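Okay, structure first, notes after.
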Amino acid sequence: MSKTDRDWERWGASSPYYGVLSIDKFRGEHMTTEAEAEFFESGERHVSSIFSRIEAQHAGPFLPMTTLDFGCGVGRLAIPLASRSERVIAMDISDSMLEETRKNCDKRNIVNVKYVKSDDELSVVVAPVDLVHSFIVLQHIAERRGTKIITRLAESVATGGYLAVQFYTMSNANPLVRTAVKLRYGFPPANWLRNAIKSRPIFEQPMQLHTYNLAKILRILRRVGFSQVEAHLDTEDGGRFESVFVLARKNSGGQASIINPHS
């Protein structure tokens, strides 16, 4: 298990909701009934938006038999995906996160979700999958490892199915600042100092943030058989990073093209 995998198990055990959305009101000691409702409502809005985009491409209702949510966290997105899919595979590297997803599904009497421990090969996923989804997850995985995971996610999509994934593409921080931030990933005292400055628990683990090469990801999608790729650009982490949400449909034999979603 890598250091980042261990870090995410620690987040899952200590503050799973903050681990998903890093806003103080979602920390364990601050979490209220109203904050929890807001947390899950944000997931419903996200999934509703994705299905609207898919159905615009699909020219009709999209009713996936199997949906995979990679990096499911506490079920914020797996829950609304379950109401739109025959079955959902909720996958995460953290056992504690998976257990929290199970609890949240049980509270809502959701019975069509399977809880699966993640690995880089997605070895427990029986492909093909109609919808493969991952949101605010891949930026926490180093690029080399994450690119291999994206490739495997893309390979798991059924012909005619969809890949919906988000990742960071660039840091807007000064290179020296970015280098200093990265130092704390491998040098704990630097992280302890930053935690003290930010008034966080001194020994709280860092949330690593990594960027990906968009052109490289698009080449992978073309090679795997995606003929339509929709790229939605945005900024994250207070504007410190550029991000992209990729919605792609697999259609073997087609030619890849980039679609401007606003045209």
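The values are calculated or read from the model by the stated rules, or taken from the named source; none is laboratory data. No experiment lies behind these values; they were computed from the predicted model shown. Neighbour counts are summed over all protein chains in view; Cβ atoms, including those assigned to glycine, are modelled from backbone coordinates with ideal geometry.
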Expected output for the range 114-126 (first residue part of a strand (DSSP E or B), partner surrounded by fewer than 19 Cβ atoms within 10 Å (Cβ to Cβ) and charged (D, E, K, R), Cβ below 7 Å, 6+ apart or cross-chain) is Lys114/Arg87; Tyr115/Arg102; Lys117/Asp95
Inside the range 180-220, the number of residues satisfying the requirement of being more than 14 Å from Tyr168 (Cβ to Cβ), of a type outside the set (Phe, Trp, Tyr) and not in a loop (DSSP other than H, G, I, E, B) is 17
Candidates Ser49, Ser83, Ser42 - the one that is within 14 Å of Tyr17 (Cβ to Cβ) and out of contact with any His (no Cβ under 7 Å at 6 or more places or on another chain) | Ser42
In the list Glu100, Glu9, Glu36, which residue meets the criterion of being surrounded by fewer than 16 Cβ atoms within 10 Å (Cβ to Cβ) and either modelled with pLDDT under 95 or of a type outside the set (Lys, Arg) (or both)?
-> Glu36
Which condition number does Arg27 fail, the rest of (1) surrounded by fewer than 14 Cβ atoms within 10 Å (Cβ to Cβ); (2) at pLDDT below 95 being met?
-> (1)
Which of the residues belonging to the range 39-57 are surrounded by 14 or more Cβ atoms within 10 Å (Cβ to Cβ) and either without any contact (Cβ under 8 Å) to a residue 24 or more places away in the chain or charged (D, E, K, R) (or both)?
-> Glu44, Arg53
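Take the conditions within 20 Å of Ala142 (Cβ to Cβ), in contact with a strand residue (DSSP E or B) (Cβ under 8 Å, 6 or more places away or on another chain), not in a loop (DSSP other than H, G, I, E, B) and not hydroxyl-bearing (Ser, Thr, Tyr) and apply them to Glu230. Does it pass? Break it down stepwise before answering.
Working: within 20 Å of Ala142 (Cβ to Cβ): no; in contact with a strand residue (DSSP E or B) (Cβ under 8 Å, 6 or more places away or on another chain): yes; not in a loop (DSSP other than H, G, I, E, B): yes; not hydroxyl-bearing (Ser, Thr, Tyr): yes.
No.
Every residue, every condition in (1) surrounded by 14 or more Cβ atoms within 10 Å (Cβ to Cβ); (2) not aliphatic (A, V, I, L, M), yes or no:
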position	(1), (2)
Thr32	no, yes
Gly73	yes, yes
Ser83	no, yes
Ile89	yes, no
Ile93	yes, no
On the given criteria, is Thr169 more than 16 Å from Thr4 (Cβ to Cβ), hydroxyl-bearing (Ser, Thr, Tyr) and at pLDDT 95 or above?
-> yes
Being assigned to a helix (DSSP H, G or I) and hydroxyl-bearing (Ser, Thr, Tyr) narrows it down to one of Ser22, Ser52, so name that one.
-> Ser52
Can you tell which of Gly160, Gly238, Gly186, Gly225 is within 16 Å of Val132 (Cα to Cα), loosely packed, with under 15 Cβ neighbours inside 10 Å and not β-branched (Val, Ile, Thr)?
-> Gly160
Quick one: is Val181 within 21 Å of Ala215 (Cα to Cα) and either surrounded by 18 or more Cβ atoms within 10 Å (Cβ to Cβ) or in contact with a Cys (Cβ under 7 Å, 6 or more places away or on another chain) (or both)?
-> no
Pick out the one residue from Gly73, Gly146, Gly60 that is under 13 Å from the mean Cα position of the chain (by Cα) and either assigned to a loop (DSSP other than H, G, I, E, B) or among the basic types (Lys, Arg) (or both).
-> Gly73
Could you list all residues from the range 103-131 that are buried (at least 16 other Cβ atoms within 10 Å of the Cβ) and out of contact with any Cys (no Cβ under 7 Å at 6 or more places or on another chain)?
-> Asn104, Cys105, Ile110, Tyr115, Val116, Ser118, Leu122, Val125, Pro128, Val129, Asp130, Leu131
Pair list, Cβ under 8 Å, 6 or more apart: the range 134-161 residue at pLDDT 95 or above, other residue part of a helix (DSSP H, G or I) and among the small types (Gly, Ala, Ser) | Leu138/Gly146
